[in-house]
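S.K.: Shown below is the structure under consideration.
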Amino acid sequence: MKMLKALALVFALTIGGGVAHAQGPGNPVLVGSENSPDLRGPDDRAKNIDNARDAATAQPRRSSSSRARAARPEDIVAGAEVRDSKGVVVGTIESVSMAAAVVVSPGGKVEVPLEAFGVNSKGLLIGMTKAAFDAVVAGANKPSG
């Protein structure tokens, strides 16, 4: 009989431990106790999130003209300078079609899709360095044969 009671106790403790783990990490919380989540007010995490949000919105924002955005079709016009990702001029737009713009650089001409252009306060941008752009132009203007 003692063996059966001992097994029942071990079984009860094992099942009880499983239920505690099912409630989440840490110790189980009794509903209605002072640590019960449903009877507690807002905790420090919510206050920290609110404080961080308030601090972020209180900081002065950079001018939207200095940040790059996607270029709109009306931004891409013949004669406009095109800069690389670091702000270095890579060429000038010669002409614009419905899908692309022809950019002229010292190495030749290349057609660039309109969606590849960005714009900021300095003008039109492409998402590559001048060296990479020059390599693309050189490859596109390489004589065949």
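The values are calculated or read from the model by the stated rules, or taken from the named source; none is laboratory data. Computed from a predicted structure; not experimentally measured. All Cβ positions, even for glycine, are placed from backbone atoms using ideal geometry, and neighbour counts span all protein chains on display.
S.K.: If Thr92 satisfies every condition in (1) surrounded by 14 or more Cβ atoms within 10 Å (Cβ to Cβ); (2) in contact with a helix residue (DSSP H, G or I) (Cβ under 9 Å, 6 or more places away or on another chain) but one, which is the exception?
M.R.: Result: Thr92 fails condition (2) only.
S.K.: Any idea which of Gly108, Gly139 is on the phi > 0 side of the Ramachandran plot and modelled with pLDDT under 95?
M.R.: Working: Gly139 fails: on the phi > 0 side of the Ramachandran plot.
Of the residues listed, the single one that is on the phi > 0 side of the Ramachandran plot and modelled with pLDDT under 95 is Gly108.
S.K.: Could you please let me know if Ser66 is surrounded by 14 or more Cβ atoms within 10 Å (Cβ to Cβ), among the hydroxyl-bearing types (Ser, Thr, Tyr), modelled with pLDDT under 95 and in contact with a Ser or Thr (Cβ under 8 Å, 6 or more places away or on another chain)?
M.R.: no
S.K.: Among the residues of segment 77-88, which ones are within 14 Å of Ser121 (Cα to Cα) and of a type outside the set (Ser, Thr, Tyr)?
M.R.: Step one: of segment 77-88, the residues within 14 Å of Ser121 (Cα to Cα) are 80-88.
Once the filter is applied, which keeps residues that are within 14 Å of Ser121 (Cα to Cα) and of a type outside the set (Ser, Thr, Tyr), segment 77-88 yields Ala80, Glu81, Val82, Arg83, Asp84, Lys86, Gly87, Val88.
S.K.: Search segment 119-145 for residues that are surrounded by fewer than 13 Cβ atoms within 10 Å (Cβ to Cβ) and pair each with any residue that is hydroxyl-bearing (Ser, Thr, Tyr) when their beta-carbon atoms are under 6 Å apart and the residues are at least 6 apart or on different chains.
M.R.: From residues that are surrounded by fewer than 13 Cβ atoms within 10 Å (Cβ to Cβ), the pairs are Ser121/Ser65; Ser121/Ser66; Gly127/Ser85.
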